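Have a look at the structure below before the remarks.
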Amino acid sequence: MFNNSSKLIFMIMLMISTIFIISSNSWITMWMGMEINLLSFIPLMSNNKLMSSEASLKYFLIQTFASSIMLMSMIMTMNYQLILFKMLIMMSILLKMGAAPFHFWMPIIMEGMSWNNSLLLLTWQKIAPMIMISYMMINKIMFMSITLSAFIGAIGGLNQTSLRKLMAYSSINHMSWMLMSIMYSHTMWLMYFLIYSIIMLTIIINLNSMKISHMNQLFSSFYYNKTLKFLFMMNLLSMGGLPPFSGFLPKWMLINFMINNNQFLMLFLLIIFSLITLFYYLRLCFASFMLNYSENNWNNFCLNNKTINITLTSLSLFSLLLLPLYFLL
């Protein structure tokens, strides 16, 4: 088990590697940055738990496989300039970020990770692949991945009882919107990613503080703090993109842009599948408000620490009160 100083070093290396990738001007240096990023993230995932060790091993194997394909394709592209090798590079990047149809590893690995590592995987680890894929976009592959990510992210979360898997499928659905936004504008993608990250941070900090990992734990954990429970549910709806919460803002921006560019079919698909993701968030909220269990086989945890209560409430309010950004546009 690594101590806090070791984890701090690996966290700094993780951030530096991402900045290194963004500032690189060649594919080889980007590949090197991705490898440093991988070698920094693996120690952060590892601890004494069996599921965590299994998740870190699976993550390592998948990422090294994607890196091998990427390196081979880069070398071949330098010599032959064939579209096939460019497609392989793009697909290896999609595999690294967990976008459909290369998404199968993400929910499985998420199940074996802590909430802190899950937050890193769902937010920070998306930055470098997103920037890389914006440099080499093949529209047919992008549209295929966007459509499948929206569909699988929506359908995959319907029958989930594990909140980690639910967050993974929600992230896959959001990836479709982020891929579409980065096709048009880096600024639009940055706005979407920042708001998505803030809401995801709020939700995961709440879940981590309450020690919640399954839906039935959610019903009783906020029993003694109705305000925090209400704000948490509003953040879930914001993550689903329900107006007028802040999670709707980046989608609204992208919807306007797609209408101006006559992307009506793709827009229709994105909205329909986002409504399905909103459905399972609404189902979760309704069940949590209507069913208040005094006892729970899984968890009977209660927050009595006023500092934690105030922190969580303030963070929840901050993520919801990004609404004034609407009026700045």
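Run the reach check for Lys96 against lysines, Cα to Cα strictly under 20 Å, same-chain hits fewer than 8 apart removed. What comes back?
Answer for Lys96, where 20 Å is the Cα cut-off: Lys58, Lys86, Lys126, Lys140, Lys165, listed by chain and number.
Quick query: amide H of Asn47 versus all other amide H atoms, modeled in the peptide plane; which residues come in under 5 Å with a sequence gap of 5 or more or a different chain?
Answer set, sorted by chain and number: Ser53.
So what does log10 I(q)/I(0) come out to for segment 77-229 at q = 0.09, 0.14, 0.18 Å⁻¹, using the Debye formula with one equal point on every Cα and no solvent?
The Debye formula, applied to the Cα set alone, gives -0.32, -0.70, -1.06.
Excluding same-chain residues fewer than 8 positions from Lys226, which lysines have a Cα within less than 20 Å of its Cα?
Lys211, Lys306
Specify the inter-centroid distance of segment 100-150 and segment 23-72, based on alpha-carbon positions, in whole Å.
The distance from the Cα centre of segment 100-150 to that of segment 23-72 comes to 14 Å.
Just need the relative contact order of segment 51-122 here, percent rounded to a whole number, with Cα pairs under 8 Å and 6+ apart.
42
We did not get these values from a lab; they are worked out from the coordinates using the rules stated. Since the structure is predicted, the reported quantities are computational estimates derived from the model, not experimental observations.
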